[in-house]
Structures are given as structure tokens and as C-alpha cells.
1. What is the sum of charges, Lys and Arg at +1 and Asp and Glu at -1, for the other residues whose Cβ falls under 13 Å from the Cβ of residue 90?
2. Taking each pair of different alpha-carbon atoms in the range 2-122 once, compute 1/r for the pair, average those values, and report the inverse of that mean as the Kirkwood hydrodynamic radius in Å to one decimal.
3. Toward the positive end of the charge dipole of the range 20-84, about the Cα centre and with charges on Cβ (Lys, Arg +1; Asp, Glu -1), which of 72, 23, 45 goes farthest?
4. Within a 10 angstrom radius of the beta carbon, how do 94, 16 rank from fewest other beta carbons to most?
5. Over the range 14-78, how many percent of alpha carbon pairs lie in each 5 Å bin up to the one with the longest distance?
6. What is the antiparallel percent of DSSP beta bridges lying wholly in the chain, to the nearest 5?
7. Is it possible to state the helix-based mean residue ellipticity at 222 nm for the chain, with each DSSP H run of 4+ residues giving -39500 (n - 2.57), the sum divided by total residues, to the nearest 500 deg cm²/dmol? What is it?
8. Principal axes first, then extents: for the Cα atoms of the range 63-123, list largest minus smallest coordinate on each axis, whole Å, largest first.
Amino acid sequence: MKVISTEKAPAAIGPYSQAMTVSSMIFTSGQIPLNPRTGEIVGETIAEQAEQVMKNLGEVLKAAGSSYEKAVKTTCFLADMGDFAAFNEVYGKYFTGKPARSCVAVKTLPKNVLCEVEVIAEA
């Protein structure tokens, strides 16, 4: 196993890593819409926050030698399922290979953000 870390995505805000590789697979931690330099939440709408989440995920995947195109499975967490369509608009621009996905609404996300996404991908 190998720990993946990049300064181009937000640092972990707890006792975990941004991602781990095992053999040829990458498992990312959930990314929320934080600016990697300031640690501040980016955006107020689901579309704005989802864009930042995708940027953060892209940097973690890149640091692990992967990309959106190599995504096998995503898990998406929304604070409000009413944001599903707007979230999908952003998500679909990045995950064009249509990986398997679960998308659920949860009671609360870290820092009260609107969305969080994690990815399993090939290296």
C-alpha cells in the first residue's frame, strides 16, 4: 500500500490520507469543496461546490497517476437530494466514462458543505 498526498488538493482534516493505492487500484477519501490553499469552503450553490469537489478529486487522482477516465466507482453524498439534478450536471462533465456510482443524501457533511465525493480508480 502507498499513501497519496498532494498540496494541490485540501489536506486531510482528520486521521486519514487523501488516497491510498493498493496494487493497481486507487481509493480516494471523500473530497469536499475546500480551497486547497486556504482551507475555506468554495461556493454557496451545489454547482459551485461540486465544481470544487471535482477539481480536488482530479488533483488527487493525478497525484496517484490516474484520471477521471480511469474511475471505476464513485460514491456521492449530498446534503439535499433536491440538488441531484444540478449535481449531476457538474458530475457528468468530469466522469464521462460513466463509472458505477452510488449517490445518497445524508443528514450532515463535514463543515456543513453540500456535497462530498469519493472515487475508486485504476492507476
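1. Net local charge, residue 90 excluded: -2.
2. The answer is 14.1 Å.
3. Of the candidates, 23 comes out farthest on the positive side.
4. Least to most surrounded, the residues fall as 16, 94.
5. Distribution as computed: 4, 16, 27, 26, 17, 8, 2, 0 percent.
6. 75 percent
7. Result for the chain, helices only: -7500 deg cm²/dmol.
8. That gives 32, 22, 16 Å along the principal axes, largest extent first.
Any read-out appearing in this document is the output of simple, stated calculations on the displayed coordinates, not a laboratory observation. Keep in mind the model is a prediction, meaning the values are calculated, not measured. Note: ideal-geometry Cβ built from the backbone for every residue, glycine included; neighbour counts use all protein chains shown.
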